[in-house]
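Engineer: Below are the structure tokens for one structure; questions will follow.
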Amino acid sequence: MINYLISMATFGAIYAMLALSLNVMWGMAGMANLGVVGFYAVGAYISAILTTRLGAPVALGLVAAIIGTAVVSALTTLGLARLRDDYLAIVTLGFAEVVRIVAENEAWLTRGTDGISGIPQPLKSTLGPDFNLAYLIFCLAVLAATVFVLERVRRSPFGRVLRAIREDAQIAAFSGKDVLVFKVKAFAIGGAIAGLAGALYGHYSSYIVPELYVPLLTIYIFLALSAGGLGNNWGAVIGAFVVVFFLESTRFFVEIIPWLSAERLAAVREFTVGLCLLLILIYRPRGLLPEPLPRLAGR
Amino acid sequence: MERILQLFANGVMAGAVLALPAIGFTTIFAVLRFANFAVAGHMAVGAFAGYVVNSWLGLPAWAAVLAAFVFAASIGVATDHVALRPLRGYRALTVAIASIALNLMVENALRFGFGNAPRNFAIPLMRDLSFGPIHIDPQQIENTIIAVVAMIILFLFLSLTTTGKAMRAVADNPALADSKGIDPDRMARIAVAIGMGLGGIGGMLIGLDASIDPLIGFRSILSVFAAAVVGGLGSVPGAVLGGLVIGLAEELSLLALPSTYKAAVGFLVILITLTLRPRGLLGPRAA
């Protein structure tokens, strides 16, 4: 049981990183990235390929995942950041699908639909059975560092400009801000965090395969961030843990409701995910922890 | 050369079918101004409605097409009323994300009822017709005809009836249409009914060609978007043209790429269009 809780918490930390990544792009800069899962996949593959094929150490894999995904993210945004936000949503959805298709087809690089196995788990041989707990602590430390950095970003002039662009890109441009540059930077930061999350997953599970990176995962992250509070880093973290808890706890329903087949149970679970997201958008659009906004003078 | 002709013919027929959900998507966008991802789920609704009528009740193809339209349209209007109407007036992006949530619910309701396993329509296998070097499945010809008839009916509706003209007026200038006493809620309902209904027929025709399952719409949604975006979001003739462009591009891509990359073609075409001509080929408004 304790092992199960540890693995659940590890997934929670990884999902929280993804929710933080989306929060930079959607929450702060107002650009909905429906392709979060694509950046997550890019990070996972960069690190997995470097460590399994080229024998690079895990630390180098993680750093390469961060930098590589940030570059990919910045390059894709460069052409897209001028688009209306709903066009951007469509194109990023397409981006993630293309990433998955490439991973499925370019077997020379990604081993195709077989997936990459034997991704090194750091210090596994030294730690033995303690690996899972140690890796959880490592993930939580990375998560804490990410929250710390993003809170600094949110309070910084850079964060204020992103919010200004989110509210009205034209006014931000009139005040002399180069909107495109800020958007690309926001996407690069968000992409880097998603890439790091992907690499963390790969070195935890030791196995990645294209079918992991489906659009449904992106919807989970949208639910996590909307539930937690769009624009709020702590909200993103809490939302992610709540979503993982919900997804995992439904597994036990099989024992409680035996007449429901696994397929129907999965249908009920995903229906509920959609329902929750919809109810939050309609009734509680600011989430559990609303975005902390600076007080206006005179109020 | 023969291969090019064959792919060209396949592309035109696939494009005609693809144009239906693309028209649906673009019609909803024209009137309500948001990208409605739930078109995917309603394509599946139409496919399953047609399947039940055809395979379980044993009725012919035209009845199945009618059922696909009616079911997808009425479920579309009902779910839109409950799920998305409360969000009218919100940012287009928020409504688009809500439509993704709605889409997930529609798909999983189908999955609960019918399961994930692919199902086939009860249609006889027919020998391919040969036109010189080109071979065509009669089913594809029938699908193309059905798609074209549906489009002609839609064009007649939009250009001849008062309601159709009122809808175009709303798409063109909502404030002016409102001041002329055109009820925006009614127009929204009609747009959703047409959009989801045509999506439903499109889903069924795609299913006739292969098999159906709850994700049948979602798998082709990128191509549908691509068709609507290439034609110009909000333009019905644009969606027809866009459908043909995407259908042809996907088939002709087989000359250079393995078929598994077909799904990436739509994405590439969207990128190229938005970079070179963000309004699309026949788009009424700048993006």
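Engineer: Name, by its number, the condition in (1) open to solvent by 60 Å² or more (accessible area, probe 1.4 Å); (2) within 14 Å of chain A (Cβ to nearest Cβ) that does not hold for B:Met126.
Structural biologist: It fails just one condition, (2).
Engineer: Okay, next question. Testing A:Leu83 on (1) open to solvent by 10 Å² or more (accessible area, probe 1.4 Å); (2) touching a helix residue (DSSP H, G or I) at 6+ places or on another chain (Cβ under 9 Å); (3) assigned to a helix (DSSP H, G or I), one condition comes back false. Which one is that?
Structural biologist: (3)
Engineer: Considering each residue of the range B:205-222, count those that are open to solvent by less than 20 Å² (accessible area, probe 1.4 Å), within 15 Å of B:Ala44 (Cβ to Cβ) and at the interface with chain A (Cβ under 10 Å from one of its Cβ atoms), and give that number.
Structural biologist: Going through the range B:205-222 one residue at a time, the tally reaches 2.
Engineer: Related question: Just one of (1) of a type outside the set (Gly, Ala, Ser); (2) in a helix (DSSP H, G or I); (3) out of contact with any helix residue (DSSP H, G or I) (no Cβ under 7 Å at 6 or more places or on another chain) trips up B:Tyr90, so point out which.
Structural biologist: Every condition holds for B:Tyr90 apart from (2).
Engineer: Now for a different question. Quick one: is A:Ala141 surrounded by 15 or more Cβ atoms within 10 Å (Cβ to Cβ) and either over 30 Å from B:Leu271 (Cβ atoms) or under 20 Å from the mean Cα position of the chain (by Cα) (or both)?
Structural biologist: So A:Ala141 does not fit the description; no.
Engineer: In contact (Cβ under 8 Å) with a residue 40 or more places away in the chain and either outside any helix (DSSP H, G or I) or over 15 Å from A:Leu278 (Cα atoms) (or both): is that true of B:Phe112 in this structure? Full working, then the answer.
Structural biologist: On the way: in contact (Cβ under 8 Å) with a residue 40 or more places away in the chain: no; either outside any helix (DSSP H, G or I) or over 15 Å from A:Leu278 (Cα atoms) (or both): yes.
No.
Engineer: In addition: Inside the range A:1-22, can you point out the residues that are more than 13 Å from the chain's Cα centre (by Cα) and open to solvent by less than 10 Å² (accessible area, probe 1.4 Å)? Explain how you work it out, then say what you get.
Structural biologist: If we filter the range A:1-22 for residues that are more than 13 Å from the chain's Cα centre (by Cα), which is where we start, we get A:1-10.
Across the range A:1-22, the qualifying residue is only A:Thr10.
Engineer: In the range A:23-43, is there at least one residue being in contact with a strand residue (DSSP E or B) (Cβ under 7 Å, 6 or more places away or on another chain) and surrounded by 20 or more Cβ atoms within 10 Å (Cβ to Cβ)? Steps first, answer last, please.
Structural biologist: As a first pass, look at the range A:23-43 and keep what is in contact with a strand residue (DSSP E or B) (Cβ under 7 Å, 6 or more places away or on another chain): none.
No, the range A:23-43 has no match at all.
Engineer: Which ones in the range B:260-280 are open to solvent by less than 60 Å² (accessible area, probe 1.4 Å) and more than 9 Å from chain A (Cβ to nearest Cβ)?
Structural biologist: Step one: of the range B:260-280, the residues open to solvent by less than 60 Å² (accessible area, probe 1.4 Å) are B:261, B:263-267, B:269-271, B:273-274, B:278, B:280.
B:Val265, B:Val269, B:Thr273, B:Gly280, listed by residue number.
Engineer: In the range B:109-122, how many residues are of a type in the set (Gly, Ala, Ser), at the interface with another protein chain (Cβ under 8 Å from one of its Cβ atoms) and either buried (at least 20 other Cβ atoms within 10 Å of the Cβ) or under 20 Å from B:Ala64 (Cα atoms) (or both)?
Structural biologist: Our first condition is that a residue be of a type in the set (Gly, Ala, Ser); within the range B:109-122, this holds for B:109, B:113, B:115, B:117, B:122.
Then keep just the ones that are at the interface with another protein chain (Cβ under 8 Å from one of its Cβ atoms); that gives B:109, B:115.
From what's left, either buried (at least 20 other Cβ atoms within 10 Å of the Cβ) or under 20 Å from B:Ala64 (Cα atoms) (or both): B:109.
Residues in the range B:109-122 being of a type in the set (Gly, Ala, Ser), at the interface with another protein chain (Cβ under 8 Å from one of its Cβ atoms) and either buried (at least 20 other Cβ atoms within 10 Å of the Cβ) or under 20 Å from B:Ala64 (Cα atoms) (or both): 1 in total.
Engineer: Where in the range A:98-185 are the helices (runs of 4 or more DSSP H), entirely inside, with at least 1 residues that are within 14 Å of chain B (Cβ to nearest Cβ)?
Structural biologist: Answer list for the range A:98-185: A:107-110, A:157-167, A:169-174.
Engineer: For B:Val106, which of the numbered conditions (1) away from every other protein chain (no Cβ under 14 Å); (2) within 21 Å of B:Ile216 (Cα to Cα); (3) of a type in the set (A, V, I, L, M, F, W, C) fails to hold?
Structural biologist: Evaluating B:Val106 over (1) away from every other protein chain (no Cβ under 14 Å); (2) within 21 Å of B:Ile216 (Cα to Cα); (3) of a type in the set (A, V, I, L, M, F, W, C) leaves (1) as the failure.
Engineer: So B:Phe225 ticks every box in (1) within 12 Å of another protein chain (Cβ to nearest Cβ); (2) more than 30 Å from A:Ala267 (Cα to Cα) but one. Which box is left unticked?
Structural biologist: (2)
Engineer: Taking the range B:68-103, which residues are farther than 15 Å from B:Val31 by Cβ, more than 7 Å from chain A (Cβ to nearest Cβ), open to solvent by less than 10 Å² (accessible area, probe 1.4 Å) and among the aliphatic types (A, V, I, L, M)?
Structural biologist: Listed by number, the residues that qualify are B:Ala68, B:Ala72.
Engineer: For the range B:130-137, check the following and say yes or no: at least one residue is over 20 Å from B:Val53 (Cβ atoms), free of Cβ contacts under 8 Å to residues at least 60 places away in the same chain, assigned to a helix (DSSP H, G or I) and over 20 Å from the mean Cα position of the chain (by Cα).
Structural biologist: Checked against the condition, which is being over 20 Å from B:Val53 (Cβ atoms), free of Cβ contacts under 8 Å to residues at least 60 places away in the same chain, assigned to a helix (DSSP H, G or I) and over 20 Å from the mean Cα position of the chain (by Cα), the range B:130-137 yields no hits at all.
Engineer: I would also like to ask the following. Given the criterion of a type outside the set (Asp, Glu), modelled with pLDDT under 90 and within 14 Å of the chain's Cα centre (by Cα), identify the matching residue among B:Leu244, B:Leu276, B:Leu233.
Structural biologist: Working: B:Leu244 fails: modelled with pLDDT under 90; B:Leu276 fails: within 14 Å of the chain's Cα centre (by Cα).
Only one candidate passes the filter, namely B:Leu233.
Engineer: Related question: Mind listing whichever residues of the range A:29-47 are within 14 Å of another protein chain (Cβ to nearest Cβ) and part of a helix (DSSP H, G or I)? Step through it out loud before you land on a result.
Structural biologist: Looking only at the range A:29-47, we keep the residues that are within 14 Å of another protein chain (Cβ to nearest Cβ), and these are A:29-38.
Correct list: A:Val36, A:Val37, A:Gly38.
Engineer: Checking A:Ile49 against (1) out of contact with any strand residue (DSSP E or B) (no Cβ under 6 Å at 6 or more places or on another chain); (2) touching a residue at least 60 places away in the same chain (Cβ under 8 Å); (3) crowded, with 24+ Cβ neighbours inside 10 Å, which single condition isn't satisfied?
Structural biologist: The single condition A:Ile49 does not satisfy is (3).
Engineer: A further question follows. Considering B:Leu257, B:Leu248, B:Leu244, which residue is open to solvent by 20 Å² or more (accessible area, probe 1.4 Å) and not in a helix (DSSP H, G or I)?
Structural biologist: Values: B:Leu248 fails: not in a helix (DSSP H, G or I); B:Leu244 fails: not in a helix (DSSP H, G or I).
Answer to the selection: B:Leu257.
Engineer: Continuing with this model, one more query. Are there helices (runs of 4 or more DSSP H) fully within the range A:193-291 with at least 3 residues that are open to solvent by less than 40 Å² (accessible area, probe 1.4 Å) and either at the interface with chain B (Cβ under 9 Å from one of its Cβ atoms) or within 23 Å of A:Asn23 (Cα to Cα) (or both)? List them. It would help to see each step written out before you state the result.
Structural biologist: Values: elements: A:215-228, A:233-249, A:253-256, A:262-283.
Those helices (runs of 4 or more DSSP H) span A:215-228, A:233-249, A:262-283.
The values are calculated or read from the model by the stated rules, or taken from the named source; none is laboratory data. Bear in mind the structure is a predicted one, so any value in this text is a computation, not a measurement. FYI the Cβ positions are ideal-geometry reconstructions off the backbone, even for glycines, and counts take in every protein chain you see. Heads up: the accessible areas ignore ligands, DNA and RNA and are worked out on the full protein's heavy atoms, side chains in. Shrake-Rupley method; radii C 1.70, N 1.55, O 1.52, S 1.80 Å.
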